[in-house]
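The values are calculated or read from the model by the stated rules, or taken from the named source; none is laboratory data. Computed from a predicted model, the values in this text were never measured in an experiment. Counting neighbours? That spans all protein chains shown, and the Cβs are built from the backbone with ideal geometry, glycine included. Areas reflect the complete protein model, heavy atoms only, side chains present, ligands, DNA and RNA absent. Shrake-Rupley method; radii C 1.70, N 1.55, O 1.52, S 1.80 Å.
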Amino acid sequence: MEPFGVGNREPMFIARSLRVLLPPKVLKEMHVKLRLEQMNGRAMRFDAMAWRMAERISNEGILANDSVDVAFTLDENTHPEFGGIELRICDFRRSESQMNPVKGIAAG
């Protein structure tokens with residue numbers, strides 16, 4: 001799907017109802033690392049980075065076991081010990097299954 005650039009935007013994907021496996025980990029007070037799981041026949045787990053979204057994730061009250069919908073691109077973490085493919089989150093919201101259908105407010 002490469003190269004990216006003018007006239008050839010980087011592909012963006014959407015995944016719905018991903019479960020947040022661990023509490024979001026804030027890095028350098030600005031970024032958040034997440035561990036997400038999608039269940040569709042078998043569990044698929046993904047590491048994800050939400051760059052410059054720490055305040056928003058905190059304000060939204062995203063915690064372990066919450067369900068989120070994410071828009072993301074694919075990235076590669078080149079760290080020798082824990083590298084690999086990870087999701088780069090561009091946007092997120094609580095999954096509709098966690099929203100109050102009347103007021104659109106997250107159920108608590």
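General remarks:
- Within the option set Ile62, Ile14, Ile57, being in a strand (DSSP E or B), closer than 14 Å to Arg93 by Cα and out of contact with any Gly (no Cβ under 8 Å at 6 or more places or on another chain) holds for one residue only, Ile14.
- Close pairs from region 22-33: first under 12 Å from Met49 (Cβ atoms), partner in a loop (DSSP other than H, G, I, E, B) and modelled with pLDDT of 95 or more, Cβ under 7 Å, at least 6 apart: Pro24/Ile62; Met30/Arg52; His31/Trp51; His31/Arg52; Val32/Pro24; Val32/Met53
- Test: residue in region 88-97 that is open to solvent by 30 Å² or more (accessible area, probe 1.4 Å), assigned to a helix (DSSP H, G or I), in contact with a Ser or Thr (Cβ under 9 Å, 6 or more places away or on another chain) and at pLDDT below 95: yes
- Looking across Pro80, Pro23, one residue alone is part of a loop (DSSP other than H, G, I, E, B), modelled with pLDDT of 95 or more and open to solvent by 50 Å² or more (accessible area, probe 1.4 Å). It is Pro23.
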